Structures are given as C-alpha cells and as structure tokens.
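One structure is given below, encoded as structure tokens.
The values are calculated or read from the model by the stated rules, or taken from the named source; none is laboratory data. From a predicted model like this one, the values you see are computed outputs, not experimental measurements. Cβ coordinates were reconstructed from backbone atoms using ideal geometry, including for glycine residues, and neighbour counts include every protein chain displayed. Areas reflect the complete protein model, heavy atoms only, side chains present, ligands, DNA and RNA absent. Shrake-Rupley method; radii C 1.70, N 1.55, O 1.52, S 1.80 Å.
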Amino acid sequence: MMSQSKSRITAIGTYVPERILTNADLEKMVETSDEWIVQRTGMRERRIAAPHEYVSDLAIKAVEDMVDRYGVTVQDADMILVATSTPEYSFPSTASRVQSKLGIVSTGALDLNAACAGFVYALQMADGLISGGAYRKILVIGAETLSKITDYTDRTTCVLFGDGAGAVLLEKDENSPSVIASVSGTFGEGGIHLYKTALSEQMDGTELKSGCLVQNGREIYKWAIRNIPDGVRTLLSKGDMTADEVDWFVPHSANLRMIEAINERGPFTMDRTLTSVEYRGNTSAASIPLALQLAVDEGQLKAGDHALLYGFGGGMTYAGSIIKWTI
Ligand code: ACO
C-alpha cells in the first residue's frame with residue numbers, strides 16, 4: 001500500500017526523573033517481593049518525579065534532550081501535541097506550559113488523553129495534520145507522572161507504574177514519510193477496569209476516593225492478550241506488510257509477561273520486540289518513545305528499519321502505527 005503520509009520523524013529525545021524506585025524499596029512499603037514483581041511483570045526499577053516536578057517539566061527536558069542530540073530547531077514548530085493522562089492542571093494544558101517554558105512564539109498547543117495509547121494517537125494526529133497541509137512542524141510528546149496518581153498502599157498497582165517523557169519532531173516531507181499505516185479502536189465497556197476519578201464518583205458507585213488510579217489488572221491482562229495479536233495482524237494487512245518485513249514490534253510497555261503472552265499469540269518474537277519496562281516500569285504514554293530511544297542508544301533501531309508501534313490501555317483504547325524509522 002502506498003502511504004498517504006507526508007511527514008517524517010526528524011528527531012527523538014527522552015527524559016526520566018533522577019529518583020529510582022527499586023523492587024527492594026517496594027518491599028519496604030507494601031507486602032511484596034522482588035521475586036513476585038520480576039516473575040509477574042519483568043520490572044526491576046521505575047523512575048519517580050520529585051515532589052515539585054510535574055509532567056510539563058519532564059516534557060520540556062525530553063524536548064531539550066532531542067535538541068541536544070539532533071541539533072533541530074523547535075522554535076518554529078507550529079503545533080505542540082502532548083499525550084498525557086497526568087497533566088499538572090486540567091487547564092492550562094500541558095502543551096501550553098511547554099509552549100511558554102520553551103518560549104516558542106507562535107504555535108498551537110493541545111493535550112490529548114488516550115492513556116497508554118496516547119503517544120501513538122498523537123503521532124497519528126500529527127501525521128494527519130501535516131499530511132493534510134495545515135501544519136509543517138509538530139512536536140509530539142508523551143509524558144507522564146503516574147507516581148502522582150498511584151496509591152502506594154495498594155500492592156496490586158504501586159509496583160507497576162513509573163514516570164518519564166519522550167518527544168519526537170514530525171516535519172513535512174513528501175519524499176520520505178515515516179507513517180505507513182495506522183489503526184485505532186475503543187472498547188469503552190472496559191473502562192471500569194482502569195480509571196482515575198476526576199469530577200465523578202467511583203465507577204462502581206462507591207464513595208469518591210482520592211483521585212488515584214484504580215485497576216483490575218487481571219481483566220486488562222485478559223483483554224490485551226485476547227485482542228492485541230489480532231489488532232497487530234489487522235495493522236499489518238492495512239500496511240500491506242508481513243511481520244517479516246517489520247524489524248521491530250514496540251508494544252506499550254505495560255508488563256513484560258503480558259508482552260510475552262501477546263507474542264505467543266501474535267506474529268512477533270521477543271528478540272524483535274522493544275520495551276522500556278524493565279528499568280522504567282509502566283510509563284503509559286511515555287513508554288513507547290522511551291523504548292525507541294533505548295533501542296537507538298543500544299544500536300538496535302536504525303535508519304531504514306520498520307517498526308510497528310502499538311499502544312493500548314485505559315479506555316480501553318488502542319492505537320497502532322507502522323512507521324519507517326528515518327533518523
Ligand atoms: N506482590 C505480591 N503479591 C501480589 C502483588 C504484589 N505486588 N500484587 C498482587 N498480588 C497477589 C494478589 O493479591 C493475589 O493474591 P491472592 O491469590 O492471595 O488473592 C495474587 O498475587 C495474584 O493476583 P493477580 O492479580 O491474579 O496477579 P496477576 O498474575 O494477574 O498479576 C498484574 C497482576 C501484574 C497487575 C497483572 O494482572 C497485570 O500486569 N495486568 C495488566 C496490568 C496493566 O497492564 N495495566 C496497565 C495497562 S494500561 C496502562 O498502562 C495505564
């Protein structure tokens with residue numbers, strides 16, 4: 001299939017906070033063990049934002065890292081899209097804060113929330129906006145401070161989540177586009193399995209809690225391994241590609257064991273799967289760019305490679321794109 005895309009990824013950068021939360025630290029906080037966590041999730045560490053460090057701070061540092069690595073200019077970006085489900089304010093948007101802190105003079109700024117699928121959704125939106133001719137240069141950011149909505153007395157969730165941010169720059173380029181094919185979908189009935197209260201009561205009708213994340217991990221696990229392999233196959237057929245033609249599978253880094261179970265049922269193997277889960281935990285909208293960056297740094301992901309990105313999570317919602325890595 002010929003791609004209709006007219007945008008190219010020209011740079012990537014990431015940032016994670018300094019503080020490390022290890023499995024040994026968690027053993028002192030709740031009744032758990034390093035053995036249980038590694039066996040069930042594959043996680044060893046996560047990064048935790050400082051008390052006054054918020055999602056826009058992480059996002060900006062990811063953009064600065066991108067500028068340092070690739071020497072790109074972001075001052076002439078005409079749109080900033082930030083995927084996050086942990087904004088420091090409902091409004092102003094995180095994207096507005098990024099605009100102001102980076103001093104970008106004239107740009108649109110918009111947050112979007114699709115939980116762990118957010119980064120891939122933002123990439124799809126940015127590609128569409130550029131390919132349609134409305135914009136030329138878009139900062140696409142996935143950033144989260146999940147530690148700020150995690151209940152550290154609940155062992156079923158607190159071992160999973162971490163903080164981080166990743167940014168890519170998407171620029172108009174008709175000759176060497178990055179996005180080959182995309183899919184997305186929603187299973188709203190599954191929303192009850194993963195949510196954070198905002199202005200409403202608990203989804204099961206009980207008293208309003210503190211605004212922490214509520215999760216039924218087992219149900220999400222079942223949903224993911226039942227649906228994602230087929231979603232991946234649909235995306236491959238939409239892109240008119242076989243799994244052999246795709247170098248890397250980059251699923252949302254929710255849980256390494258879940259990714260292994262997805263691969264047992266899907267077309268990819270673990271040796272061609274990129275994750276950020278082991279030392280970053282589940283960073284929701286940041287997990288896919290963090291995995292991409294780690295793979296670039298380790299010399300795995302190279303210019304010309306094809307990668308199938310697949311985000312999924314709260315909503316329940318999912319979004320996948322096959323991209324050609326162009327940097
Ligand atoms: N340490 C020790 N024991 C624990 C812990 C822990 N941290 N957490 C749960 N347990 C116990 C449970 O209490 C239960 O004990 P019981 O049998 O005495 O009742 C036992 O371990 C098994 O619990 P399960 O919930 O069935 O464990 P499971 O193997 O399903 O693993 C997990 C739980 C890791 C949460 C898994 O279900 C999972 O990863 N699900 C997907 C979660 C996910 O991906 N969420 C995010 C997706 S979207 C997004 O990223 C926002």
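Can you give the local net charge around Arg8? Use residues other than it whose beta-carbon is closer than 13 angstrom to its beta-carbon, Lys and Arg +1, Asp and Glu -1.
On the way: positive: Lys6, Arg136, Lys137, Lys172, Lys324; negative: Asp127, Glu171, Asp173, Glu174.
With Lys, Arg at +1 and Asp, Glu at -1, the net is +1.
How much accessible area per residue does region 7-172 have, counting only protein heavy atoms and a probe of 1.4 Å, in square angstrom?
Details: 6680 Å² over 166 residues.
I get 40 Å² per residue for this part.
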Over the chain, what relative contact order in percent results from Cα pairs under 8 Å that are six or more residues apart? 25 percent
Val179: accessible area at probe 1.4 Å, nearest 10 Å²? 10 Å²
Residue-span extension gain [Arg265 to Lys101] - 0.36 nm each, minus C-alpha spacing: 54.6 nm
With a 1.4 Å probe and all protein chains left in place, how much of the accessible area of region 7-172 comes from carbon and sulfur atoms, in whole percent? 50 percent
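Could you please put Trp325, Trp223 in sequence from largest to smallest accessible area, using a 1.4 Å probe? Before the final figure, lay out each step's value.
Working: Trp325 0, Trp223 25 Å².
The most accessible residue leads, giving Trp223, Trp325.
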Pairs Lys172/Lys324; Lys61/Lys101; Lys61/Lys172; Lys137/Lys324: which are spaced more than 21 Å apart, C-alpha to C-alpha? Lys61/Lys172
When the chain is treated as a GNM, springs tying every alpha-carbon pair under 10 Å, which of Ala167, Ala307, Ala134 comes out with the largest mean-square fluctuation? Ala134
Under 22 Å Cα-Cα from Lys28, which lysines qualify once same-chain neighbours fewer than 8 residues away are excluded? Lys148
Would you mind counting up the charge near Leu256? Only other residues with Cβ under 12 Å from its Cβ, with Lys and Arg at +1 and Asp and Glu at -1. +2
The chain: longest segment with zero exposed GluC sites (Glu not before Pro), where exposed means DSSP loop plus at most 13 other C-beta atoms within 10 Å, is residues 32-173
On the formula 1/(1 + (r/R0)^6), with r taken between the Cβ atoms of Thr326 and Thr206 and R0 of 45 Å, the FRET efficiency rounded to 0.05 is 0.35
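Would you tally the net charge around Val98, using a Cβ to Cβ cut-off of less than 12 Å, leaving Val98 out, and scoring K and R as +1, D and E as -1? Could the numbers behind the result be given before it?
Numbers: positive: Lys61, Arg97, Lys101; negative: Asp57, Glu64, Glu88, Asp111.
Computed value for this residue: -1.
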